[in-house]
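Scroll down for the structure; my scribbles are underneath it.
Please treat every number below as a calculation from the coordinates, not as lab data. The model shown is predicted, which means the values in this text are computed figures rather than measured ones. Neighbour counts are summed over all protein chains in view; Cβ atoms, including those assigned to glycine, are modelled from backbone coordinates with ideal geometry.
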Amino acid sequence: MAVAVLLVTLALSATISSQEVFENSTHICQKCTCIDEARFTLDCQNQTFHNTIAEWPKHNVPLLATFSYNNIVHLEILPQSDKVIDLVFSHCNIKSMDNGVFKAVRNVQFVDLSFNALTTEEIGPEKFKGPYNDTQYEPLNVNHLDISYNQIHSLPHNIFEHLKNLRQLNLEGNHFKVLDIPTQTALSSVIYLESLNLANNELTELVGDAIKDLKHLKDINLAYNKLNEVPETLSYVGNTLEFLNLNSNPIFEFTDESFLGVQSIIELTLTNLSRLTYVHANTFSPIERLKILHLHSNINLFSINSEAFGARQGLKEMYLQDNALSTLSYNLTNWLTLDLLNLSGNQFYCTCDIYKIRHDLNQIITRDKDGPVCVDYITGNSKMLYELEEKDCEEEEYEFSYDPIIEKHYFLKKLLLTFINEQKLQLCNTGVVQSDNKFYSLIDYQRGQKVHSRDIFKIGLPYRI
């Protein structure tokens with residue numbers, strides 16, 4: 001009798017334990033949303049789950065299971081399935097995981113663990129081991145791993161031991177201040193990696209040993225870091241790299257050496273670079289395959305050298321909106337090849353260069369009635385840039401004036417831009433342009449008045465600071 005009572009007690013304990021460990025999945029499609037189509041979708045977002053479900057709903061096709069916005073502090077081993085599975089556990093407050101948490105879903109391809117509380121100590125290789133086959137653990141088929149926005153400062157050197165097929169890795173928004181040796185070893189081990197996201201960390205450099213063995217890398221995101229220049233180490237992947245994002249870094253200029261060795265880039269993103277002031281000659285010339293350039297929202301970018309691109313480059317899309325540009329050279333690029341162009345939000349003047357650019361652009365671009373505007377030098381009136389006519393291209397000749405107050409602001413602007421573009425100390429009878437890599441000023445010696453370059457054209461012309 002005592003033995004029977006003991007067995008019943010143990011059975012009840014096991015049942016209670018089971019209920020504590022797994023969410024009841026008997027009627028899971030009544031609590032969650034199930035869509036049975038070419039791919040079975042199980043949507044269990046925001047269901048106050050605290051545990052993994054006990055079983056998957058019946059499915060004979062690939063499965064997408066989403067559990068975002070629950071409170072699964074510890075992620076238990078997932079139920080068994082032989083089908084291809086994509087898993088999303090973002091925003092679940094996950095702090096730890098069972099060893100082999102994915103071993104029963106060996107064909108899992110996509111794993112999203114973003115926006116949780118995982119640390120370096122909780123992402124060891126034992127977490128990602130596959131099923132055991134008598135002699136060793138088989139690898140998982142994961143090709144996309146997202147562990148962005150956790151609390152990871154370093155990768156265990158062997159974290160990817162069971163993830164040999166990994167193609168995409170997202171490490172954005174973690175605590176990487178440097179790519180230490182274990183992290184370098186880990187990254188260099190995923191030799192088939194095609195996409196690497198290191199955005200929004202605190203990196204001041206990209207260590208070469210971390211990427212030099214990634215011979216298939218096509219896409220790297222380095223936005224929102226603390227890079228002062230384009231990492232030279234990108235040349236290690238220069239033959240395969242097609243997309244590069246350097247947004248929101250403290251880069252102040254681009255030169256003819258900035259993109260040496262990355263000739264295969266097709267799309268380049270350089271936005272929100274608040275320190276960027278100038279793009280030098282031949283900056284983009286080494287990028288022979290460049291087709292799409294995002295160079296916008298750089299509030300201090302006032303000039304792009306007329307020889308910034310190579311003669312053979314033919315861009316398809318160029319985004320230059322919301323910079324501080326007042327002119328563009330007609331010789332900058334082959335405008336005829338562009339399918340998309342955005343120039344809005346700058347402070348252009350209606351020059352012959354601007355007219356010639358407008359004349360070359362295809363009608364898909366110029367028929368935009370809400371397109372950019374330019375300002376007439378003489379009248380100060382605004383005009384639609386895409387509506388400029390040949391009569392607007394009438395350059396006037398101005399003689400040099402020794403008057404301390406230069407009334408002809410067109411000449412003054414040409415004079416000032418010449419000095420700024422050359423970035424040299426220039427003297428003349430009127431004054432001097434000084435460069436300290438932070439701002440440029442015109443000093444009128446006869447009046448002893450110092451005027452910031454951004455304020456030069458306040459008289460009679462619209463301006464923006």
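Listing for the model above:
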| read-out | value |
| --- | --- |
| Violating pairs (Cα-Cα greater than 22 angstrom) within the set LYS31/LYS103; LYS129/LYS164; LYS103/LYS164; LYS103/LYS215 | LYS31/LYS103; LYS103/LYS215 |
| Dipole magnitude of the range 149-242 about its Cα centre (Cβ charges: Lys, Arg +1; Asp, Glu -1), debye to nearest 20 | 200 debye |
| Lysine pairs with alpha-carbon atoms under 24 Å apart, the range 257-395, spacing 8 or more or separate chains | 10 |
| Cα gyration tensor category, rounded, prolate or oblate, for the range 257-395 with a/c compared to 1.5 | prolate |
| Neighbourhood net charge (13 Å Cβ-Cβ; Lys/Arg +1, Asp/Glu -1) for ILE152 | -3 |
| Too-long pairs where the Cα-Cα distance tops 18 Å, listed order kept, from LYS58/LYS83; LYS58/LYS127; LYS177/LYS226 | LYS58/LYS127 |
| 11 Å beta-carbon shell around HIS280, net charge (K/R +1, D/E -1) | -4 |
| By average C-beta atoms within 10 angstrom, highest first, the peptides 26-37, 175-186 | 175-186, 26-37 |
